[in-house]
Amino acid sequence: MTDSRESPGSGLGAPLVVLKDVNKHFGDLHVLKDINLTVHEGEVVVVIGPSGSGKSTLCRTINRLESYESGTITIHDDELPSEGKALAKLRADVGMVFQSFNLFSHKTILENVTMGPIKVRKKKAAEARSRAMELLKRVGVDHQADKYPAQLSGGQQQRVAIARSLAMDPTVMLFDEPTSALDPEMINEVLDVMTQLAKSGMTMIVVTHEMGFARKAADRVVFMSDGAIVEENTPEEFFTNAQSERAKDFLGKIL
Ligand code: ADP
Ligand code: MG
């Protein structure tokens, strides 16, 4: 498989997240239709598609925030657990960054990042703190460590949310429109952090309308429409040579 990213040696590894014939309904609404998707270790998959096509539900299902009725989802060959400690571990292993930053408002930035590792990963406070500072530095907000979320810009808060997920040493990171709620001038600072993460070899599933990011960072683009994966391809092929009418129509509206 070709690696469209600039980083040499970040070739794709073994299958990591594997969805087979996954179906989900919300009442009468068939929201995920026979979804088959394999994400490999180190792969960056960008999911695009019209509003309401099931992109968020797909992410939430992989993190078991939603149940599914049929099919299988495995991570490293293990079927997703549905409850108990195994579920808590899954949520830590599968990092998720949402459109809204979801930081704890009454905790400092540093506490937001150290909480999970201390509570869920049972790390010692000092160790969690030094790792958190390292990650905050990596996303460029280490100088804000003792502030509260409300004192930071949206772009800074979203970068903290990314650091918080990374602090759990996730197996895979899911991003659901992480820049959609940001003022335009803050979008790039978040995309830059995500691009760096992609280059570092993190396995990522990213729902976004940022086609520049998709072209630059994605190994593969998956196009969803009406609950189904309609087509998938390398970004180069997808953006220049989309096959389905629905994808062509969608690209015509956003590009
Ligand atoms: P996207 O992220 O692509 O915009 P979503 O996954 O949010 O799409 O939604 C897919 C469809 O499922 C939409 O029709 C939406 O209204 C519906 N939906 C999403 N969440 C729920 C829910 N909790 N209950 C009922 N319907 C839902
Ligand atoms: Mg959505």
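Below is a table of values for the structure above.
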quantity: The stretch 79-121 versus the stretch 209-225: alpha-carbon centroid distance in Å; calculated: 26
quantity: Given Lys107/Lys216; Lys216/Lys248; Lys20/Lys199, the pairs whose alpha carbons are separated by over 23 Å; calculated: Lys107/Lys216; Lys20/Lys199
quantity: Share, in percent, of DSSP beta bridges within the chain that are antiparallel, nearest 5; calculated: 55
quantity: Within a Gaussian network of the chain (alpha carbon springs, distance under 10 Å), most fluctuating of Ile62, Ile118, Ile48; calculated: Ile118
quantity: Inter-label distance, nm, simple model (7 Å from Cα along the C-beta direction), Leu87/Lys253; calculated: 3.5
quantity: Mean projection area, nm², convex hull over Cα of the stretch 23-72; calculated: 3.9
quantity: Computed label-point distance, nm, for sites Tyr148 and Gln99 using a 7 Å Cα→Cβ extension; calculated: 2.7
quantity: Radius of gyration and maximum dimension Dmax of the stretch 101-255, Cα, Å; calculated: 17.5, 55
quantity: In degrees, nearest ten, helix 125-138 long axis to first principal axis of the chain (Cα); calculated: 60
quantity: Under 19 Å from Lys24, Cα to Cα: lysines that are on another chain or at least 8 residues apart; calculated: Lys33, Lys55
quantity: Per-selection metrics, the stretch 1-150 (Cα): Rg and Dmax in Å; calculated: 18.1, 50
quantity: Gain on full stretching of the segment that runs from Thr38 to His209 - 0.36 nm per residue minus C-alpha separation; calculated: 59.4 nm
quantity: DSSP beta bridge pairing in the stretch 142-255, given as percent antiparallel to the nearest 5; calculated: 55
quantity: Distance between modelled label sites at Gln243 and His25, nm, 7 Å Cα→Cβ extension; calculated: 3.0
quantity: With DNA, RNA and ligands ignored, accessible area of Glu111 (1.4 Å probe; Å², nearest 10); calculated: 80
quantity: Under 5 Å, built H, 5+ apart or other chain: amide partners of Val47; calculated: Val206, Val207, Thr208, Val222
quantity: Estimated vicinal HN-Hα couplings, Hz - the stretch 153-170 in sequence order (Karplus 6.51, -1.76, 1.60; Gly, Pro = x); calculated: 6, x, x, 5, 4, 5, 5, 5, 4, 5, 4, 4, 5, 5, 4, 8, 6, x
quantity: For His25, net neighbour charge (Lys/Arg +1, Asp/Glu -1) across residues whose Cβ lies under 15 Å away; calculated: -3
quantity: Residues of the stretch 85-106 with amide N under 15 Å of a point placed 7 Å along Cα→Cβ from Arg121; calculated: 89-96
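The values are calculated or read from the model by the stated rules, or taken from the named source; none is laboratory data. Model, not experiment: these values are computed from the prediction. FYI the Cβ positions are ideal-geometry reconstructions off the backbone, even for glycines, and counts take in every protein chain you see. Accessible surface is based on the protein model in full, side chains and every heavy atom, while ligands, DNA and RNA are left aside. Shrake-Rupley method; radii C 1.70, N 1.55, O 1.52, S 1.80 Å.
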